[in-house]
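K.L.:
Have a look at this one before I ask anything.
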Amino acid sequence: MSDERKTIGSGGKAGRGNRQTSPSAAARALAGAPAARKPVAKAKPKVTEPKPAATKAPAKKSPPKKAAPTKRPADKAAAPKPRLRAVTDEDAAAAAAAAAEEAARRTRTAGAAPLSAGIPIDEIVVAVIQAAQRVLGSDWEARVATLLATIRKRMSGDYEVDEFGFDPQITEVLTAAIEPLAEKWFRLEVRGVENIPAEGGALLVANHSGTVPIDGLITGYAVKKYAGRDLRPLGADLVFSLPFVGQIARKVGATLACTEDAERLLTTGELAGVWPEGFKGIGKPFAERYKLQRFGRGGFVSSAMRAQVPIVPVSIVGAEEIYPLVGNVPSLARLLGLPYLPITPFFPLLGPLGMIPLPSKWIIEFGEPIRTDAYDPESADDPMLLFNVTDQVRETIQQTLYGLLVDRGNAFF
């Protein structure tokens, strides 16, 4: 046994083969590192801390520390009980009553409770009213009342439509909705309103531009706002083939741009509007802005002659700049069944934000009427006469556009 111990381990105690205070590497490997460190950490305070406590021996300071806990429970048992009763019974009720009084006083004096952000509700209401006045005008309350009355009539079924599907109440609502766009955003200026007949039929012929046919909506708004009459636009087949656009177009008075519908409107004393350039006008590049395209074969002149109504040339400046057309994708347009697929500086690059029209300054001028009652209705079959009158209308609009561009100056300022 003695020979085995000498060969296997050292001559010292088990776990202390190197005869030092720390365990050996073999002991730490067998017992584990955490278990070996704990005895060392506990051994140091036992050796070092008790010695200073014995040398200093603060005998006089220790009795007060032990005596303090014995006196404190006696004080606590005597004093705090009545104070807790007073706070829970009387002070809490008084504090609640005072808080209620303060809330009522603030409500009476301020008239409204402040929001969590610190802005009073009355100030927010005033700001909303001021914004409505700036956007809708000083008579915004009357406009809102009219809109609510129209909604009530629509819900009760108290409205009428004509044979073309025209709904005057929808036109009133659309006019009120377009007004901020026309007056505030486009800063519309209307000239020559006196050239629009106060009664009877007339054909308004205008230039077409803008990539999106917003000029038709603004022209209808100008006629309704400043002349007090409803404009009946003559639209292309594509307008009425679209699911949602076609229904709205019918309700605001639009109809198909064909000879039969145009003559029927004009002979019944309506104001009809036509844009002879069609999709070639609104889809032309920005480099060709305000250069009129062909006015077709004179079909609108034929309808005016047969109905014996005047032709009013309409010149529109400002629509060319709302969506500057810089490119087109013809193959994709044919695939979607569209006349063109526009590319502007902001669309499709910015997505839906690119569909916001730029705030260009608009001028609409209604020119002097061109009489057609000097010709017989049968003259509408003369192609040379139709060509001459069509060219006269086109040249009148083109020259007016040049003058309006000079008067307007910069398109955005």
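The values are calculated or read from the model by the stated rules, or taken from the named source; none is laboratory data. All values derive from a computational prediction rather than experimental measurement. Cβ atoms come from the backbone with ideal geometry, glycine included; neighbour counts cover every protein chain shown.
K.L.:
Take the residues in segment 141-198 that are closer than 25 Å to residue 364 by Cα and aromatic (Phe, Trp, Tyr), then tell me which one is modelled with the lowest pLDDT.
P.N.:
Filtering first and then ranking leaves 166.
K.L.:
Could you tell me whether any residue of segment 238-251 is buried (at least 24 other Cβ atoms within 10 Å of the Cβ), in contact (Cβ under 8 Å) with a residue 24 or more places away in the chain and within 31 Å of the chain's Cα centre (by Cα)?
P.N.:
So far as segment 238-251 goes, no, none of its residues is buried (at least 24 other Cβ atoms within 10 Å of the Cβ), in contact (Cβ under 8 Å) with a residue 24 or more places away in the chain and within 31 Å of the chain's Cα centre (by Cα).
K.L.:
Considering only residues that are more than 31 Å from the chain's Cα centre (by Cα) and surrounded by fewer than 18 Cβ atoms within 10 Å (Cβ to Cβ), which ones fall in segment 193-227?
P.N.:
193, 194, 197, 198, 199, 200
K.L.:
Kindly indicate whether residue 332 is within 25 Å of residue 217 (Cβ to Cβ), more than 23 Å from the chain's Cα centre (by Cα) and loosely packed, with under 15 Cβ neighbours inside 10 Å.
P.N.:
For residue 332, the condition - within 25 Å of residue 217 (Cβ to Cβ), more than 23 Å from the chain's Cα centre (by Cα) and loosely packed, with under 15 Cβ neighbours inside 10 Å - is not met.
A quick yes/no check of all residues on (1) aliphatic (A, V, I, L, M); (2) under 17 Å from residue 204 (Cα atoms); (3) touching a helix residue (DSSP H, G or I) at 6+ places or on another chain (Cβ under 9 Å):
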site	(1), (2), (3)
275	no, yes, yes
278	no, yes, no
296	no, yes, yes
299	no, yes, yes
308	no, yes, yes
314	yes, yes, yes
318	no, no, yes
327	no, no, no
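K.L.:
A further question on this structure: Being of a type in the set (A, V, I, L, M), more than 16 Å from residue 237 (Cα to Cα) and out of contact with any Gly (no Cβ under 7 Å at 6 or more places or on another chain) narrows it down to one residue among 287, 262, 307; which is it?
P.N.:
287
K.L.:
Another question, if that's okay. Scan (1) in contact (Cβ under 8 Å) with a residue 24 or more places away in the chain; (2) not in a loop (DSSP other than H, G, I, E, B) for the single condition residue 264 breaks and write down its number.
P.N.:
All conditions pass for residue 264, except number (1).
K.L.:
Would you mind stating whether residue 373 is in a helix (DSSP H, G or I) and either surrounded by fewer than 17 Cβ atoms within 10 Å (Cβ to Cβ) or of a type in the set (A, V, I, L, M) (or both)?
P.N.:
Spelling it out, it is not the case that residue 373 is in a helix (DSSP H, G or I) and either surrounded by fewer than 17 Cβ atoms within 10 Å (Cβ to Cβ) or of a type in the set (A, V, I, L, M) (or both).
K.L.:
Here is a check on your reading of the model: is residue 262 of a type in the set (Gly, Ala, Ser), surrounded by 16 or more Cβ atoms within 10 Å (Cβ to Cβ) and either at pLDDT 90 or above or at positive phi (or both)?
P.N.:
When the stated conditions are applied, residue 262 passes them.
K.L.:
Would it be correct to say that residue 411 is of a type outside the set (Asp, Glu) and buried (at least 16 other Cβ atoms within 10 Å of the Cβ)?
P.N.:
It is true that residue 411 is of a type outside the set (Asp, Glu) and buried (at least 16 other Cβ atoms within 10 Å of the Cβ).
K.L.:
While we're here: Would it be correct to say that residue 183 is closer than 27 Å to residue 342 by Cα, within 31 Å of the chain's Cα centre (by Cα), part of a helix (DSSP H, G or I) and free of Cβ contacts under 8 Å to residues at least 60 places away in the same chain?
P.N.:
Answer is yes for this residue.
K.L.:
Assuming residue 277 fulfils every condition listed in (1) among the charged types (D, E, K, R); (2) touching an Asp or Glu at 6+ places or on another chain (Cβ under 9 Å); (3) in contact (Cβ under 8 Å) with a residue 60 or more places away in the chain apart from one, which condition is it?
P.N.:
All conditions are met except number (2).
K.L.:
Also, quick follow-up: Could you figure out which of (1) modelled with pLDDT of 95 or more; (2) farther than 23 Å from residue 233 by Cβ; (3) not in a loop (DSSP other than H, G, I, E, B) isn't true of residue 364?
P.N.:
Against the list (1) modelled with pLDDT of 95 or more; (2) farther than 23 Å from residue 233 by Cβ; (3) not in a loop (DSSP other than H, G, I, E, B), residue 364 comes up short only on (2).
K.L.:
So, in segment 159-180, exactly how many residues are of a type in the set (Ser, Thr, Tyr), surrounded by fewer than 17 Cβ atoms within 10 Å (Cβ to Cβ) and in a helix (DSSP H, G or I)?
P.N.:
0
K.L.:
Next up: Consider segment 294-324. How many of its residues are over 32 Å from the mean Cα position of the chain (by Cα), part of a loop (DSSP other than H, G, I, E, B) and of a type in the set (Gly, Ala, Ser)?
P.N.:
Number satisfying all stated conditions: 2.
K.L.:
Out of segment 186-202, which residues are hydrophobic (A, V, I, L, M, F, W, C) and outside any loop (DSSP other than H, G, I, E, B)?
P.N.:
Within segment 186-202, 190, 193, 202 meet the criteria.
K.L.:
Within segment 378-400, can you find the residues that are farther than 13 Å from residue 297 by Cβ and in contact with a helix residue (DSSP H, G or I) (Cβ under 6 Å, 6 or more places away or on another chain)?
P.N.:
Within segment 378-400, 379 is the sole residue that qualifies.
K.L.:
Please work out which one of (1) touching a helix residue (DSSP H, G or I) at 6+ places or on another chain (Cβ under 7 Å); (2) closer than 16 Å to residue 290 by Cα is the condition residue 375 fails and give its number.
P.N.:
Against the list (1) touching a helix residue (DSSP H, G or I) at 6+ places or on another chain (Cβ under 7 Å); (2) closer than 16 Å to residue 290 by Cα, residue 375 comes up short only on (2).
K.L.:
So for segment 345-367 (the condition being on the phi < 0 side of the Ramachandran plot, of a type in the set (D, E, K, R), touching a residue at least 12 places away in the same chain (Cβ under 8 Å) and surrounded by fewer than 21 Cβ atoms within 10 Å (Cβ to Cβ)), does at least one residue qualify?
P.N.:
Yes - at least one qualifying residue is present in segment 345-367.
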